[in-house]
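Read-outs throughout are calculated quantities, based only on the coordinates presented, and are distinct from any laboratory measurement. Values in this document were obtained by computation on a predicted structure and should not be read as measured data. Neighbour counts are summed over all protein chains in view; Cβ atoms, including those assigned to glycine, are modelled from backbone coordinates with ideal geometry.
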Amino acid sequence: MKVGINLLLWTAHVTEAHMPLCEKLKAAGFDGVEVPVHEGDEAHYRALGQRLDSVGLKRTVTTVLPPGADFISPDAASRKAALEYMRGAIDRSAALGAEVVAGPFYQPLANFSGNPPTDDERARAAEGHRAAAEHAAKAGVLLAVEALNRFECYLLNTIADAAAHVARVGHPSLKCMYDTFHANIEEKDPVGAIKAHYGAIGHVHISENDRGTPGRGHAPLRETIREFLSLGYRGWFTIEAFGRALPSVAAATRCWRDFFASPEEVYTEGIALIRGAAK
């Protein structure tokens, strides 16, 4: 298995200035970092990948669709914008040397119709993601689409929704991501859902029920890790926590109060929890 941490805890754009932090994360025992790729060009991420190689950290990527880009929209221009954005994100991720591109890249956050997803919306998302997966295959990266809770989106809320979408797309370069924060809200049995849909899962986020320090809440994090390992999973367990340091991220994740004493608390206790559960 590999243990990573999402750098959105500190920044929305990783640069040379964040290398001292990355060195600390490597020293703490992390195998890699999850990098947002919302801005910057391929040259930036190629250079960043080389610096992270020198630190000894592997990479995954996190991304979301920007406003005006929507795979489920009836508007062809919006769907085209979504595919163009994803192709660019995939190219930036490949330049970075990332293994996985993860996130809820099917509709903009908090964009609701007031109704459940329709068959047409599901079909449009599958068509768009099939095209994105073709591009990802050529770039050598895996797409891992994330199911979000009902307060953030409406297309994919449960791991069953995400697994059905993966089957609908039917491409080996697209799987889904299991996130403990969202599963804690939406699943009747968060741990039981893993075995039921294990074949569709390609990436895992370890996130506490309040988005704070792993192990200080009530999400079944240790049980989740042990279940994945018992099923043969050897991929990434990536810590995801959010605070108020970045106004744009705080607004998107509704973080209006502090959930941890410091980022150091998050990553030191988080990695200890994951390594301990694995033992």
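Computed quantities for the displayed model
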read-out	value
Most mobile listed residue (ALA144, ALA193, ALA94) in the chain, GNM with C-alpha springs under 10 Å	ALA193
Rounded to the nearest 20 debye, dipole of the chain from Cβ charges on Lys, Arg, Asp, Glu	520 debye
Dimensions (Å) - the chain, Cα atoms, principal axes, largest first	47, 44, 38
Separation between Cα centres of the stretch 1-68 and the stretch 206-270, rounded to whole Å	17 Å
Exposure proxy ranking, count of Cβ atoms within 10 Å, fewest first, for TRP10, TRP256, TRP236	TRP256, TRP10, TRP236
Lysines with Cα under 29 Å of LYS279, excluding same-chain neighbours fewer than 8 positions away	LYS2, LYS24, LYS26, LYS58, LYS175, LYS188, LYS195
The chain, helix-only ellipticity at 222 nm - DSSP H runs n ≥ 4, -39,500 (n - 2.57), divided by all residues, nearest 500	-13500 deg cm²/dmol
Cβ-based exposure ranking for ARG244, ARG79, ARG59, in which fewest neighbours within 10 Å come first	ARG244, ARG79, ARG59
Distance in nm between pseudo-label sites at GLU223 and ALA137 (7 Å out along the Cβ direction from Cα)	3.8 nm
Relative contact order (%) - criterion: Cα under 8 Å, at least six apart; region: the chain	18 percent
Relative contact order [Cα under 8 Å, 6+ residues apart], the stretch 147-279, whole percent	21 percent
Ranked SER248, SER207, criterion: other C-beta atoms within 10 Å, fewest first	SER248, SER207
